[in-house]
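Reading through the structure tokens given below for one structure.
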């Protein structure tokens, strides 16, 4: 399958717009503005020649105001340069538009900036294949700042036996490269894993997903990615909960492993509290922060507190990012009633054991006396003391009264 470099229309639609000012410009516009495709999946080369007789303005600085956009974009991107060639990125599924003017300022203009009329140029690839043959649901995630995983689904009008290929390019590569590790379903490439992309961070990563099938042209998909906006870190590590002397919940964790820069991460902390015997409460956000520790007040003095934490790239390192998975832990706190009960239980057990021991000792003494005989008084034996004290008499075991 041929790489994603399609036949292009020759440079076209080059013209000069007449000045809307009533007085003519004092400097001419650039000449021979043209756009060419070096086959870098959306990075186009734009070059021009300086205006005629520019060398006569040797007491002034000559520079150019360059603006560009893809058809449909509302705003123009602006570059001020003294160069005569630029390489800028476009969405090749749409037309590329550029405009350029000369800026002159210095002693020759009494330090007043003078600008020329605009010159314009456009560029468009020749349409190929039905629009519905383009892959669908293209989605990428930069996992842990270590590898990029992109997935897609075949287009609606995909013939049998289709073969998809992903090509990519970023500044520093001499040419576009093809994916070396595809993800397949039923023998069809539906994804790609790209590694070693650290040099592509914070710059344009041009992607093209092209398809081929016997005697059928398929519409290629072009897109430009920014890895820092697609980053998804791993879940935070070593989440620990403890209770302070003031009955506050202390939460601490560590940044995730991998290549995710710790200073580029922010964390969301949620808490759910419940009383014993009740259903678990809903999770509530308590903080979004860059620090890896937090103190949470326990206003309702709940019996069980559960905390979960997740992370993503913060606004200082990306415009957006994907949240990680949750790290979760729970902490059970004894209530006042439970503490009182825990104190009473040992006391009750001690008293019960002591009572049982005393009863056992009493029973043992009775059994010992019964086995040795017993004492009876003289009156029981029928003796008369006649006023004298009669001593009790010992009756051996086995003798009745």
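Segment 195-307 holds strands (runs of 3 or more DSSP E) entirely within its bounds, and those carrying 2 or more residues that are touching a strand residue (DSSP E or B) at 6+ places or on another chain (Cβ under 7 Å), free of Cβ contacts under 8 Å to residues at least 60 places away in the same chain and within 30 Å of residue 319 (Cα to Cα) map to 249-254, 265-274, 284-289, 293-296. Could you tell me which residue of segment 96-140 is farthest from the chain's Cα centre (by Cα), considering only residues that are surrounded by fewer than 17 Cβ atoms within 10 Å (Cβ to Cβ) and in a loop (DSSP other than H, G, I, E, B)? Filtering first and then ranking leaves 110. When 232, 238 are screened for being at pLDDT below 95 and either crowded, with 17+ Cβ neighbours inside 10 Å or closer than 27 Å to residue 285 by Cβ (or both), only 238 passes. Out of everything in segment 275-316 that is touching a helix residue (DSSP H, G or I) at 6+ places or on another chain (Cβ under 9 Å) and at pLDDT 70 or above, what residue ends up being nearest to residue 233 (Cα to Cα)? Applying the filter and picking the extreme gives 313.
Quick one: which residue in 45, 144, 32 is within 36 Å of the chain's Cα centre (by Cα), farther than 30 Å from residue 216 by Cβ and modelled with pLDDT of 95 or more? Every option except 45 fails the conditions.
For segment 143-193, filtering for residues that are farther than 22 Å from residue 90 by Cα and touching a helix residue (DSSP H, G or I) at 6+ places or on another chain (Cβ under 7 Å) leaves 4.
Every listed requirement among (1) modelled with pLDDT under 95; (2) surrounded by 15 or more Cβ atoms within 10 Å (Cβ to Cβ) is met by residue 74 save one, (2).
The values are calculated or read from the model by the stated rules, or taken from the named source; none is laboratory data. Keep in mind that what you see is a predicted model, and the values were worked out from it rather than measured. Note that each Cβ is placed from the backbone with ideal geometry, even for glycine, and that neighbours are counted across all protein chains shown.
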